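Enquirer: I'd like to ask you about the structure that follows.
The values are calculated or read from the model by the stated rules, or taken from the named source; none is laboratory data. Just so we're clear, the structure is a prediction, and the values are computed from it rather than from any experiment. Backbone-built Cβ (ideal geometry, glycine too); neighbour counts: all protein chains shown.
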Amino acid sequence: MYDLSQITPREVAIGIESPVTGKPIGLEYADLLRVLKGREQASSFLTAFIVTELEGRQPSRWCLRRKDAASKRVCQVAFTTITFELLRDMGGITRDISDPLHAISEAGQMQLRDDSFGSPPMTLCESCRTVFAMAVGGARENFWRLLPEWFDVEVSTWG
């Protein structure tokens, strides 16, 4: 169900052509609704993650740059940059991230990579990186725990 939620709703609704018979194969109406509702829940979770963990995020109280006037805003700017890049990706400006779980992981990795213009990455200090990595890890765990509920599936061995 989660994999299906990552393609466009139109593609999910239309279905695919069977490689064997050449006839369209689609979901039952109830399953289609479960995929679409689960997609909406996963998307809402990602939006909440951006708002609560990134938007306006301040450096950690142990930030190594807080006392240095020249670099005290570097970590805050890095969080702003991560937020901006994630929103651009979600909007399909640079690439289309339709996998909220992957997007949350990407938020944790974005500040380590060079951008497409060759400038160095806007990196967080070790303290801010550690605190943010814990937030990313917690969000991923929570996401996985909620998946069956979002897609209304029973998984006896889940979590």
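Enquirer: Considering only region 31-54, I want to know if a residue exists there that is free of Cβ contacts under 8 Å to residues at least 40 places away in the same chain and outside any helix (DSSP H, G or I).
Expert: No, the conditions are met nowhere in region 31-54.
Enquirer: Would you mind stating whether residue 54 is at pLDDT below 85, within 19 Å of residue 129 (Cα to Cα), in contact with a helix residue (DSSP H, G or I) (Cβ under 6 Å, 6 or more places away or on another chain) and of a type in the set (A, V, I, L, M, F, W, C)? Step through it out loud before you land on a result.
Expert: On the way: at pLDDT below 85: no; within 19 Å of residue 129 (Cα to Cα): yes; in contact with a helix residue (DSSP H, G or I) (Cβ under 6 Å, 6 or more places away or on another chain): yes; of a type in the set (A, V, I, L, M, F, W, C): yes.
No: the conditions fail for residue 54.
Enquirer: Which of (1) more than 18 Å from residue 101 (Cβ to Cβ); (2) charged (D, E, K, R); (3) modelled with pLDDT of 85 or more is the odd one out, the single condition residue 66 does not satisfy?
Expert: (3)
Enquirer: Out of the residues in region 104-115 that are surrounded by 12 or more Cβ atoms within 10 Å (Cβ to Cβ) and among the acidic types (Asp, Glu), state the one that is modelled with the highest pLDDT.
Expert: Going through the qualifying residues, I end up with 106.
Enquirer: May I pose another question? Going by the structure shown, is residue 27 farther than 22 Å from residue 107 by Cα, crowded, with 16+ Cβ neighbours inside 10 Å and not small (Gly, Ala, Ser)?
Expert: Numbers: farther than 22 Å from residue 107 by Cα: yes; crowded, with 16+ Cβ neighbours inside 10 Å: yes; not small (Gly, Ala, Ser): yes.
In short, yes.
Enquirer: Name the residues in region 2-24 that are modelled with pLDDT under 85, among the hydrophobic types (A, V, I, L, M, F, W, C) and either over 25 Å from the mean Cα position of the chain (by Cα) or closer than 11 Å to residue 150 by Cα (or both), would you?
Expert: 16
Enquirer: Looking only at region 36-53, decide whether some residue is buried (at least 16 other Cβ atoms within 10 Å of the Cβ) and either of a type in the set (D, E, K, R) or under 15 Å from residue 124 (Cα atoms) (or both).
Expert: So far as region 36-53 goes, yes, one or more of its residues are buried (at least 16 other Cβ atoms within 10 Å of the Cβ) and either of a type in the set (D, E, K, R) or under 15 Å from residue 124 (Cα atoms) (or both).
Enquirer: Which residues, taken from region 55-86, are in a helix (DSSP H, G or I) and farther than 26 Å from residue 148 by Cα?
Expert: Step one: list which residues in region 55-86 are in a helix (DSSP H, G or I), which gives 74-86.
Residues satisfying the conditions are 74, 75, 76, 77, 78, 79, 80, 81, 82, 83, 84, 85.
Each row is one residue, and each column tells you yes or no for (1) within 29 Å of residue 73 (Cα to Cα); (2) modelled with pLDDT of 90 or more; (3) in contact with a Pro (Cβ under 8 Å, 6 or more places away or on another chain); (4) assigned to a loop (DSSP other than H, G, I, E, B).
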{"site": "93", "(1), (2), (3), (4)": "yes, no, no, yes"}
{"site": "102", "(1), (2), (3), (4)": "yes, no, no, no"}
{"site": "117", "(1), (2), (3), (4)": "yes, no, no, yes"}
{"site": "122", "(1), (2), (3), (4)": "yes, no, no, yes"}
{"site": "128", "(1), (2), (3), (4)": "yes, yes, yes, no"}
{"site": "134", "(1), (2), (3), (4)": "yes, yes, no, no"}
{"site": "139", "(1), (2), (3), (4)": "yes, yes, no, no"}
{"site": "157", "(1), (2), (3), (4)": "no, no, no, yes"}
